[in-house]
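A.B. asks: The structure follows.
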């Protein structure tokens with residue numbers, strides 16, 4: 001049977017003293033370390049989430065800038081193509097006008113040369129006609 005005596009009281013004091021000492025020396029520092037670890041992990045998780053969000057923002061911004069750059073490049077390319085096409089059309093039109101001017105000038109020169117040739121050959125025409133008629137008819141034509 002259990003006897004209640006002085007040793008029981010010493011055992012109880014010893015037990016409570018042990019709990020007090022272990023609490024001060026072991027349990028509270030371990031709990032403090034575990035709590036600090038939990039806070040550090042939570043802080044790192046929040047920092048990781050923030051870093052991921054920042055990365056997403058940067059990626060979105062990068063994609064937008066890339067898209068805008070592609071659009072600008074296409075617009076610049078199209079503008080350059082249109083300008084080149086307009087220049088080519090202008091050169092072709094200028095060449096066409098010059099060709100028309102050359103043709104017109106040549107036609108005028110030919111008409112003028114033909115008129116001059118007619119003027120030069122007109123006095124000789126009657127003599128030639130008379131000579132040809134003489135040869136064909138075999139007699140002198142008046």
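The values are calculated or read from the model by the stated rules, or taken from the named source; none is laboratory data. Just so it is clear, the structure is predicted and the values come from calculations on it, not from any experiment. Here the Cβ is made from the backbone with ideal geometry for all residues, glycine too, and neighbour counts use every protein chain on show.
A.B. asks: Could you check residue 83 against (1) surrounded by 10 or more Cβ atoms within 10 Å (Cβ to Cβ); (2) touching a helix residue (DSSP H, G or I) at 6+ places or on another chain (Cβ under 9 Å) and say which number it fails?
C.D. replies: (2)
A.B. asks: For the condition part of a helix (DSSP H, G or I) and either modelled with pLDDT under 95 or in contact with a strand residue (DSSP E or B) (Cβ under 9 Å, 6 or more places away or on another chain) (or both), what is the one hit in 46, 11, 39?
C.D. replies: Working: 46 fails: either modelled with pLDDT under 95 or in contact with a strand residue (DSSP E or B) (Cβ under 9 Å, 6 or more places away or on another chain) (or both); 39 fails: either modelled with pLDDT under 95 or in contact with a strand residue (DSSP E or B) (Cβ under 9 Å, 6 or more places away or on another chain) (or both).
Among 46, 11, 39, only 11 is part of a helix (DSSP H, G or I) and either modelled with pLDDT under 95 or in contact with a strand residue (DSSP E or B) (Cβ under 9 Å, 6 or more places away or on another chain) (or both).
A.B. asks: Any residue in the stretch 115-142 that's free of Cβ contacts under 8 Å to residues at least 40 places away in the same chain: show its pairings with residues that are assigned to a loop (DSSP other than H, G, I, E, B) and exposed (fewer than 10 other Cβ atoms within 10 Å of the Cβ) at Cβ separation under 8 Å, as long as the two are six or more apart or on different chains.
C.D. replies: If the second residue must be assigned to a loop (DSSP other than H, G, I, E, B) and exposed (fewer than 10 other Cβ atoms within 10 Å of the Cβ), the pairs left are 134/140.
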